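The values are calculated or read from the model by the stated rules, or taken from the named source; none is laboratory data. These numbers come from a predicted model, not from an experiment. Please note: Cβ atoms are built from the backbone with ideal geometry, for glycine as well, and neighbour counts cover all protein chains shown.
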Amino acid sequence: MNPEQHIETNTPIPIAKKALEGREDVELLVNTFYDKVRDNQMLGHIFDHVARVNWQKHLPKMYNFWEMILFGKEGYDGHPLRPHFVINSVHQLTIPHFEQWLSLFFQTLDELFEGEKAEEAKQRAYNIANAWAHKIDYMNKLNDSPTIEVSQS
């Protein structure tokens with residue numbers, strides 16, 4: 001083949017993965033992940049229409065959260081589970097919601113990063129999603145349970 005010839009393919013050019021190393025990488029992870037969330041049929045509606053997330057406030061909070069989780073940096077000030085309980089009171093969250101969240105998070109990590117911190121991020125995200133899903137599922141079951149009535153004779 002002549003070196004000047006060009007073969008066209010529909011194969012995307014792979015993006016070089018890198019180690020997850022600090023704030024700049026956390027911002028890339030969070031921004032890319034939430035772009036996927038907003039485009040996701042199951043989750044996008046919840047974030048944009050149920051929770052009505054103010055992205056200018058939410059994204060920096062998530063940068064701080066993940067920088068704290070992965071690198072021990074101070075700066076996150078919040079109660080991460082509380083907003084999920086509030087959302088759940090308006091729109092019931094279920095285990096499949098958390099599974100979808102986790103799937104998108106793993107997908108984003110796999111597309112952008114490699115190495116020890118990327119694997120740690122997956123484990124931390126799994127632990128968070130699993131714990132929160134089961135806490136909210138438990139609350140949903142309590143709320144759906146019939147109440148007992150005591151008859152007084």
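Of all the residues that make up region 64-88, how many are in contact (Cβ under 8 Å) with a residue 40 or more places away in the chain and among the aliphatic types (A, V, I, L, M)?
The qualifying residues number 4.
Please enumerate the residues belonging to region 43-56 that are touching a helix residue (DSSP H, G or I) at 6+ places or on another chain (Cβ under 7 Å), over 21 Å from Lys122 (Cα atoms) and in a loop (DSSP other than H, G, I, E, B).
Ala51, Val53 - these are the residues of region 43-56 that are touching a helix residue (DSSP H, G or I) at 6+ places or on another chain (Cβ under 7 Å), over 21 Å from Lys122 (Cα atoms) and in a loop (DSSP other than H, G, I, E, B).
How many of the residues making up region 57-108 are surrounded by 14 or more Cβ atoms within 10 Å (Cβ to Cβ), modelled with pLDDT of 95 or more and not in a helix (DSSP H, G or I)?
Here the count works out to 1.
Specify the residue that is farthest from Gln107 (Cα to Cα); the eligible residues are those in region 33-42 that are in contact (Cβ under 8 Å) with a residue 40 or more places away in the chain and in a helix (DSSP H, G or I).
Val37
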